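Engineer: One structure, as structure tokens, below. Some questions next.
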Amino acid sequence: MADPFAVTNQAPPLQGVNFFTSDAALGDALRPYGDLAADPGLVRIGAVAGSEEALSHALPANQNPPVLRTHDRYGNRVDEVDFHPSWHWLMEKAVGFGLQAAPWTSSGPAPHLTRAAGFYVWSQVEPGHGCPISMTYAAVPALRADERLAAEWIPRLASTEYDVRRLPGAAKRGALAGMGMTEKQGGSDVRANLTTAIPAGGDGEYLLDGHKWFCSAPQVDVFLVLAQAPDGLSCFVVPRVLADGNRNTFALQRLKDKLGNRSNASSEVEFHSTVGYRLGDEGAGVRTIIEMVAATRLDCVLGSAALQRRALVEATWHTHHRSAFGSLLSDKPAMLNVLADLALESEAATALSMRLAAAVDSSVGGDQQATAFRRIGLPLAKFWVCKRTSFVVAEALECLGGNGFVEESGLPLLFRESPLNSIWEGSGNVNALDVLRALRRPESLEAWLVEVGAAQGADSRLDAAVNDVLQALADVEGAEAGARRLAARMALCLQGSLLVRYSTPAVADAFVASRLAGDWGGVFGTLPRTTPFREIVERTIG
């Protein structure tokens, strides 16, 4: 008789898998833009990401959230945040891998694409600590609006040393950046901001008074902040510690108690004659900080694609080791249909995110076509990929059954995280309307047409979907009510075009048939019975 207390029919821990080299979809997504298959940095990130040590830090960092410490034992105001050691381990690795601002100072080929692949792989370990990494990466293009401030901060932001000491920027071995944009009364409408900035002398110094409703990673070294200067909304560089060693006034009111992203500190902050240095012209705050927003939007897409990928891998791993009713779950036709459908969604998200990362390299190099493509491609991807992620993670969690509902599985962490990127840097409506604004520029529509047109003639169903979009665009001026539908369709056409050109025929055919030509309806596991399910699923873990 079998021992009723023996542990059997449970999937082994997911560890010892290289998250980079085992990802066939990522390999296909990178290949058109760079020979990165054997990149030693990416191979190393993948190996560490799939290690037992790395995966052991994700839950502790979230189960022990940051703690606000407003005063020291003597009553001095310090406004510090204390983190669990697992947070610092994750941050040290991410910075050491150069996932923050290192690409901006790199002379190697495709630095932003390489960084995007690394960020995507490493984000599968634990997503919360990606926030300060992403904001540091995004701060650099905005800082370039002022040569003096750029020279002061960019070398430190690009450093691969994780330095948590509370010191002036000039004394740091490495630094991290954040941003403060939204306020209680305005949210996404930053022109409604009430924080004021009054000139206080030479070298562009101002004194800021007001609040920020969401200020993530308040422990970092420097912030880009929007405030109302005499000539309008402007952007300011606000250091935590001033050059003379004194702390800048940066009063942390409380930390947000959030649905997810619990390892990362998000705060409400007040400024009381806080020193800031103007970045760009007065009144040009939105224009100055918009490049930072574009870069963080890209990381929202990358982070969501990473969540989809990790959830897919967990579902595939579990079903390949768990038996029920006489055979492995992964051999059940209904489960195979679900896994294949999830794999299609994940592959499409990965393909589009890497295409946008490649466009950053081209745009930095002066390619105007790439710049126009980023302008429309980012809000499209931000809208669609980020919004689909919650559905993907929920379905993947269900593949594990009750095991997936238990914290130790890691799926609840992914599920709580899944809506975040669809909200951060503009929710669905904001991005859908941004697509409409981009379409009012002829070069943006042309860039989209060039991209999807690269696959013209390869699949008649894709061609028909593109034509449908063009018909819908006849009334762009009155299209606000249908902006979401339009954005979704344009994003799906982009994904379909990329898969047709660069993925396997099985993946491309199944994606176009379901998402662009069929009655799929967004319900996973409803692909036609003729779909080569196993061929698609076997690409998940090489």
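For every residue, the table says whether it meets (1) in a loop (DSSP other than H, G, I, E, B); (2) at pLDDT below 95.
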position	(1), (2)
Pro109	yes, yes
Ala116	no, no
Phe119	no, no
Ala151	no, no
Pro155	no, no
Asp163	yes, no
Leu167	yes, no
Gly174	yes, no
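Engineer: Can you find a residue in region 74-87 that is more than 22 Å from Glu126 (Cβ to Cβ), in a loop (DSSP other than H, G, I, E, B) and of a type in the set (A, V, I, L, M)?
Structural biologist: no
Engineer: Under 8 Å between Cβ atoms, at least 6 apart or on separate chains: pull out the pairs that start in region 189-204 with a residue that is assigned by TED's automatic domain parsing to the domain that holds Arg278 and end on any residue that is assigned to a helix (DSSP H, G or I) and not hydroxyl-bearing (Ser, Thr, Tyr).
Structural biologist: Val190/Gly285; Val190/Val286; Arg191/Val286; Asp203/Arg148
Engineer: If you don't mind, another one. Does region 392-401 include one or more residues that are at pLDDT 95 or above, of a type outside the set (Phe, Trp, Tyr), outside the structural domain of Tyr33 (by TED's automatic domain parsing) and farther than 30 Å from Ala506 by Cβ?
Structural biologist: No - not one qualifying residue is present in region 392-401.
Engineer: Hey, does region 81-95 have a residue that's surrounded by fewer than 20 Cβ atoms within 10 Å (Cβ to Cβ) and among the small types (Gly, Ala, Ser)?
Structural biologist: no
Engineer: Additional query: Count, please, the residues in region 113-124 that happen to be of a type outside the set (Gly, Ala, Ser) and touching a Ser or Thr at 6+ places or on another chain (Cβ under 9 Å).
Structural biologist: 4
Engineer: State which residue is surrounded by the fewest Cβ atoms within 10 Å (Cβ to Cβ) when the search covers only region 19-45 and only residues that are of a type in the set (Asp, Glu) and either in a helix (DSSP H, G or I) or touching a residue at least 60 places away in the same chain (Cβ under 8 Å) (or both).
Structural biologist: The qualifying residue surrounded by the fewest Cβ atoms within 10 Å (Cβ to Cβ) is Asp39.
Engineer: Oh, and also: (1) in the same structural domain as Gln185 (by TED's automatic domain parsing); (2) assigned to a helix (DSSP H, G or I): which one isn't true of His272, the others all being true?
Structural biologist: (2)
Engineer: Shifting gears a bit: So, in region 55-79, how many residues would count as being crowded, with 19+ Cβ neighbours inside 10 Å and of a type in the set (Asp, Glu)?
Structural biologist: Counting residues in region 55-79 that are crowded, with 19+ Cβ neighbours inside 10 Å and of a type in the set (Asp, Glu) gives 1.
Engineer: Here's another thing I want to ask about it. Tell me which residues, restricted to region 49-67, are free of Cβ contacts under 8 Å to residues at least 60 places away in the same chain and closer than 15 Å to Lys93 by Cα.
Structural biologist: Gly50, Ser51, Glu52, Glu53, Ser56
Results for (1) crowded, with 21+ Cβ neighbours inside 10 Å; (2) over 15 Å from Gly303 (Cα atoms), shown as yes or no for each residue.
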residue: Trp384; (1), (2): yes, no
residue: Gly401; (1), (2): no, yes
residue: Ser409; (1), (2): no, yes
residue: Leu413; (1), (2): yes, no
residue: Arg416; (1), (2): no, no
residue: Pro419; (1), (2): no, no
residue: Glu425; (1), (2): yes, no
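Engineer: Would you confirm whether or not region 498-511 contains a residue that is over 22 Å from Gly27 (Cβ atoms), modelled with pLDDT of 95 or more and touching a helix residue (DSSP H, G or I) at 6+ places or on another chain (Cβ under 7 Å)?
Structural biologist: Within region 498-511 (the criterion being over 22 Å from Gly27 (Cβ atoms), modelled with pLDDT of 95 or more and touching a helix residue (DSSP H, G or I) at 6+ places or on another chain (Cβ under 7 Å)), the answer is no, since none of the residues qualifies.
Engineer: Under 29 Å from Ala311 (Cα atoms), within 23 Å of the chain's Cα centre (by Cα), in contact (Cβ under 8 Å) with a residue 12 or more places away in the chain and assigned to a helix (DSSP H, G or I): is that true of Arg501 in this structure?
Structural biologist: no
Engineer: So for region 486-504 (the condition being loosely packed, with under 14 Cβ neighbours inside 10 Å, out of contact with any Pro (no Cβ under 8 Å at 6 or more places or on another chain) and not aliphatic (A, V, I, L, M)), does at least one residue qualify?
Structural biologist: Of region 486-504, the ones loosely packed, with under 14 Cβ neighbours inside 10 Å are none.
No, because not a single residue in region 486-504 is loosely packed, with under 14 Cβ neighbours inside 10 Å, out of contact with any Pro (no Cβ under 8 Å at 6 or more places or on another chain) and not aliphatic (A, V, I, L, M).
Engineer: Any residue that is in contact (Cβ under 8 Å) with a residue 12 or more places away in the chain, of a type in the set (Val, Ile, Thr) and surrounded by fewer than 18 Cβ atoms within 10 Å (Cβ to Cβ) - is there at least one of those in region 253-275?
Structural biologist: no
Engineer: Would you be able to say whether some residue in region 508-523 is part of a helix (DSSP H, G or I) and either out of contact with any Leu (no Cβ under 7 Å at 6 or more places or on another chain) or on the phi > 0 side of the Ramachandran plot (or both)?
Structural biologist: yes
Engineer: Here is a follow-up. Which ones in region 314-364 are assigned to a helix (DSSP H, G or I) and of a type in the set (S, T, N, Q)?
Structural biologist: Thr316, Thr319, Ser330, Asn337, Ser346, Thr350, Ser353, Ser362, Ser363 - these are the residues of region 314-364 that are assigned to a helix (DSSP H, G or I) and of a type in the set (S, T, N, Q).
The values are calculated or read from the model by the stated rules, or taken from the named source; none is laboratory data. None of the values given here were measured: they were computed from a predicted structure. Using ideal geometry, Cβ is built from the backbone for each residue, glycine included, and neighbour counts are taken over all protein chains shown.
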